[in-house]
Amino acid sequence: MMTEPETTPTSNPMPASPPSGQPQPAAGTMPGARLVALVNEEPEVLEPVSSSGFGLVNDSTATPVAVPKVATIDHIGPELVPPPPPDPASILAAPGIGAQASPTISEPIIALSNVSVQYTNGVKALSDIDLMIPHGDFVFLVGATGAGKSTILKLLYMDARATSGRVWVNGRDLTTAKSSDTPYVRRRMGIILQDFGLLPRRTVWENVAFACHVIGQSRRETRKRLPEVLERVGMLHRADAYPNELSGGEQQRVAIARALINDPPLLVADEPTGSLDPKTGAEIMDLLAETAARGTTVVVATHDKSAVDRLQKRVVALSGGRIIRDDAVGSYGVDDLEETT
Ligand code: ADP
């Protein structure tokens, strides 16, 4: 039996403080513009789940659902130097990108061409990055803390903007995308972060169902897809559990289920095993590798040396905001990464 969710307004469970150096957001806006705002902003009222637990109540009985706030580039923009006008010549010159207006399915799902990112505090997080990732690839981004791994991922989900160069994701030029396009861009990818980002007062089922609602999935689709995806991550038997009743690995599995609910062509994960013990971390990495084996493109930023060495996937190593190594079948390496661990 599923636990009935509360229907009273609740506070935002993840009032993520903006990183130091970032401007405070205006009252009523999301702090920090974290992607998790797409799914982690607890709604004021969540649709009740049917007693079977396998679907949402029908329209006639459903409580109106408050639309969650979604982070937009407006909340991000002030921290970044605005990009200069696009240079069409550089786009046409980008490897893997033809003269067409947009890449086709045969083009890379991700294409970064001569990308640099400078934050408004003057830090140049990325310099002259060229990176092509074909559909279905599994790529590890490795490098010391501050090397620029997260900034690359943030470019992909529009939590950061290129200061110069071009960023193509899922056939879209994100350097010319509007802030209002952000939710649509994010809808075509799953995002996994180190801290899981589950709604603490919602069950496993409700956490994933809420993500379905946010992406506009129909109730019929949700009823069909939710058990499948929970089963795939091995969490269907814990559908009624609350996050604090789960281990870290189980919470990350739920986060992965939530990210996969839309069957996105692209999954990006930022330190997905960072807070897990080695054995649990290995299970989560295996789950991501399985996801890639089903055709989803997976990009993982990680310090997890054992996983990188074990899985033998493509490894892109960063140092000081530059790509210093790109091995089709690589290992973590340490000599060039200035790692101390
Ligand atoms: P990594 O993920 O490899 O640890 P990041 O991409 O997070 O690296 O950071 C790259 C550089 O950009 C670092 O020097 C970091 O301090 C800086 N940086 C990251 N985010 C911001 C931000 N929001 N504002 C200013 N500087 C930032």
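The values are calculated or read from the model by the stated rules, or taken from the named source; none is laboratory data. Please read all numbers here as calculations on a predicted model, not as lab measurements. Neighbour counts are summed over all protein chains in view; Cβ atoms, including those assigned to glycine, are modelled from backbone coordinates with ideal geometry.
The lone criterion from (1) surrounded by 16 or more Cβ atoms within 10 Å (Cβ to Cβ); (2) part of a loop (DSSP other than H, G, I, E, B); (3) touching a residue at least 40 places away in the same chain (Cβ under 8 Å) left unmet by Ala177 is number (3).
Kindly indicate which of Arg201, Arg258, Arg186, Arg253 is more than 16 Å from the chain's Cα centre (by Cα), in the same structural domain as Lys279 (by TED's automatic domain parsing) and either at pLDDT 95 or above or in a helix (DSSP H, G or I) (or both).
Working: Arg258 fails: more than 16 Å from the chain's Cα centre (by Cα); Arg186 fails: more than 16 Å from the chain's Cα centre (by Cα); Arg253 fails: more than 16 Å from the chain's Cα centre (by Cα).
It is Arg201.
Based on this model, can you work out whether Lys124 counts as within 14 Å of the ligand (Cβ to nearest atom) and either under 14 Å from Ala269 (Cα atoms) or free of Cβ contacts under 8 Å to residues at least 12 places away in the same chain (or both)? So Lys124 fails the test.
Could you please find all residues in segment 215-264 being hydrophobic (A, V, I, L, M, F, W, C) and in contact (Cβ under 8 Å) with a residue 40 or more places away in the chain? If you could, list the steps in order and put the result at the bottom.
So in segment 215-264, the residues hydrophobic (A, V, I, L, M, F, W, C) come out as 215, 226, 229-230, 233, 235-236, 239, 241, 246, 254-257, 259-261.
Passing the criteria: Ile215, Leu226, Val233, Ala239, Leu246, Val254, Ala255, Ile256, Ala257, Ala259, Leu260, Ile261.
Within segment 180-209, residues that are at negative phi and without any contact (Cβ under 8 Å) to a residue 60 or more places away in the chain reach partners that are small (Gly, Ala, Ser) and surrounded by fewer than 19 Cβ atoms within 10 Å (Cβ to Cβ) with beta carbons closer than 9 Å, at six or more positions or on different chains, in the pairs Tyr184/Ala177; Val185/Ala177; Val204/Ala241. Counting only residues that are closer than 21 Å to Leu337 by Cα, part of a helix (DSSP H, G or I) and acidic (Asp, Glu), segment 261-317 holds 1 of them.
Listed here are the residues, each with its yes/no results for (1) closer than 21 Å to Tyr332 by Cα; (2) within 16 Å of the ligand (Cβ to nearest atom); (3) surrounded by fewer than 19 Cβ atoms within 10 Å (Cβ to Cβ).
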residue: Asn262; (1), (2), (3): no, no, no
residue: Leu267; (1), (2), (3): yes, no, no
residue: Asp270; (1), (2), (3): yes, yes, no
residue: Thr273; (1), (2), (3): yes, yes, no
residue: Glu283; (1), (2), (3): yes, no, yes
residue: Ala292; (1), (2), (3): yes, no, no
residue: Val299; (1), (2), (3): yes, yes, no
residue: Asp304; (1), (2), (3): yes, yes, no
residue: Val308; (1), (2), (3): yes, yes, no
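Taken over segment 198-218, the criterion of being among the aliphatic types (A, V, I, L, M) and closer than 15 Å to Leu236 by Cβ is satisfied by Val204, Val208, Ala209.
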